[in-house]
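Reviewing the structure listed below.
The values are calculated or read from the model by the stated rules, or taken from the named source; none is laboratory data. Bear in mind that the values here come from a model prediction, so they are computed numbers and not experimental data. Cβ coordinates were reconstructed from backbone atoms using ideal geometry, including for glycine residues, and neighbour counts include every protein chain displayed. Remember, those area values only see protein heavy atoms, side chains included, never the ligands or the DNA or RNA. Shrake-Rupley method; radii C 1.70, N 1.55, O 1.52, S 1.80 Å.
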Amino acid sequence: MRLLLTASLLALSASLAQAPVRAQTPDPGTALNAARINEILEQMPQGAARLFRRDVARHTEALTREIFAADPSGQVTQQSVAEHRRVQIAKSRSGFLRNHLARDLNGDGAVTAEEAAIATRSEGAEGRARSYTEMTRADADGDGTVTFAEAVADADAQMQDRLQRGNLGFDLMLLDADGDGVLTVPEATETLAAIGAHVSANGLPPHLTGRSPARAGAAACRIPEITGGVEVVVLSGYEGGALSTVAVAGPDLESEVTTVEIAAGTAPLYILTASHTPMVWRLTGATDRVRHFVVQARARQAGGVQPVTYPGAGVTGLPADRVTFVPQGACFGYVSARGETEQKLQRARIGQRIRAKVDHFAVNYTMGTVTLPEGTFSTGERRRPGVTINGQQFEMTPDGGLRPVEPPLLPDVRSRERPDPVQQVLASLYRFHPLGVIAVDPAEVVAPHPVDFYDVLPQQAGLMQLIQQEKIELTSDGYYRIVEPIPRFPAGLNGSHSVRFVLAPGIEMPGGSPGHSAVISEETGACIGGARCPR
């Protein structure tokens with residue numbers, strides 16, 4: 001059945017369900033350009049700046065050694081790099097735990113302050129000071145006893161810091177410039193050399209020099225006073241699980257939605273949030289319970305796009321006088337689920353930062369829909385093709401209408417029949433955004449700056465929108481052929497969302513940024529846009 005969009009559906013700015021696609025990546029061997037180098041630099045931690053303050057060639061041997069250590073073949077993947085890092089941490093963890101076990105006088109796995117004092121009695125002032133520092137640092141809940149789990153968590157944190165400082169200081173796969181998932185020694189050294197040359201000519205980006213505006217403002221957690229009688233809730237995650245129809249971080253960055261359902265109750269709530277992606281926090285339910293809602297908003301820069309200088313976030317369902325926006329990291333960095341011990345440590349650190357007890361700690365990588373204060377998450381079922389409006393599944397009728405349906409099944413992957421291209425895009429939508437696209441009214445958004453509908457929805461939702469408008473077509477070999485003028489590229493076509501466009505003759509280059517996606521001229525066969533075009 002051919003899918004058509006009605007004018008009313010388009011006016012909704014697309015309740016087309018979106019889910020980022022593991023779309024085709026550009027062919028290996030693509031040379032680096034300035035935009036791609038800036039994207040790699042943006043993802044590097046601040047400690048990596050030392051690599052570029054001196055001759056990058058000095059680090060080639062260390063880089064080669066790291067790759068061969070991760071895989072004797074000299075070709076690494078994200079999995080082999082992660083496994084190598086875990087082995088390094090496991091081998092070194094024992095050194096940090098040796099001191100803990102030496103103070104565990106009764107062998108119960110926990111060390112009390114009294115045990116530590118007895119065990120270090122003969123070590124002199126320096127040894128006792130070191131013991132006190134280590135005990136204080138590891139005692140996450142401040143009860144005076146360091147459990148074995150706390151000691152392990154502290155050892156891992158110290159090892160992570162040591163690895164960042166002692167080795168190259170960043171994820172090796174950042175140097176996988178062609179995005180094929182495999183990093184070789186020649187590719188890594190060539191990429192590092194290109195980055196070094198770029199930095200020599202243009203300098204380091206602000207976040208690697210420690211002078212970025214977000215970091216400068218992160219010194220103080222300036223939030224409304226947390227008074228007695230409220231329950232403090234921390235809500236955090238990497239992503240929202242649904243795309244927004246309005247842009248809260250500019251038209252060239254994808255904005256997501258997290259639905260926050262406030263359960264019935266009597267205790268007032270003070271909620272602090274943080275996320276990695278630009279976010280619309282959509283509050284529903286017993287919102288009268290919310291005394292204050294604090295948003296730490298990530299202002300980020302995507303490839304080739306001008307930096308976003310305002311917080312990339314918005315809130316619906318609350319009046320403006322109960323919402324406060326602060327810079328990213330002002331009170332704490334975003335947290336996603338990492339295990340019970342890590343969450344315990346993070347909870348204690350955040351409590352110290354905001355000078356209040358954290359009563360509820362709700363963290364998940366994909367937040368989707370979360371019920372507070374209990375902190376239960378629902379991210380929906382993955383792999384549901386179709387159209388979703390606010391969580392309800394629909395299918396389109398031949399005349400362009402919508403009708404609710406049971407979630408249809410994906411094409412049988414065992415079938416020899418090639419799946420319909422449109423269904424392929426729809427399936428990709430739900431791989432990364434299981435809750436599809438949620439329609440947001442700009443007039444209802446509390447934000448520190450104006451927000452508006454996207455001209456074209458982000459990522460694969462935008463691709464689906466343009467296909468249904470018959471402005472692009474998906475070819476049998478996986479190219480998106482632009483056959484009619486479009487106002488701009490869908491935002492966020494980076495990484496695993498990247499695709500390959502072909503610009504038909506006579507069609508002007510769209511506005512916005514294609515991100516990591518390549519744009520190829522059908523007339524000349526040349527790559528004319530995108531971060532991965534040859535220099």
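Per-structure values
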{"read-out": "Among the residues listed as Gln88, Gln79, the single one being in a helix (DSSP H, G or I) and open to solvent by 70 Å² or more (accessible area, probe 1.4 Å)", "value": "Gln79"}
{"read-out": "Residues of segment 428-470 classified as within 29 Å of Arg322 (Cα to Cα), in a helix (DSSP H, G or I) and not acidic (Asp, Glu), total", "value": "2"}
{"read-out": "Matching residues, segment 487-500, being surrounded by 22 or more Cβ atoms within 10 Å (Cβ to Cβ) and within 23 Å of Ala247 (Cα to Cα)", "value": "Phe489, Pro490, Ala491, Gly492, Leu493, His497, Ser498, Val499"}
{"read-out": "Identity of the residue in segment 172-217, open to solvent by 60 Å² or more (accessible area, probe 1.4 Å) and of a type in the set (D, E, K, R), that ends up modelled with the highest pLDDT", "value": "Glu190"}
{"read-out": "Residue among Gly304, Gly317 that alone is over 18 Å from Asp359 (Cα atoms) and modelled with pLDDT under 95", "value": "Gly304"}
{"read-out": "Odd one out for Arg121 among (1) open to solvent by 40 Å² or more (accessible area, probe 1.4 Å); (2) modelled with pLDDT of 85 or more; (3) more than 24 Å from Glu342 (Cβ to Cβ)", "value": "(2)"}
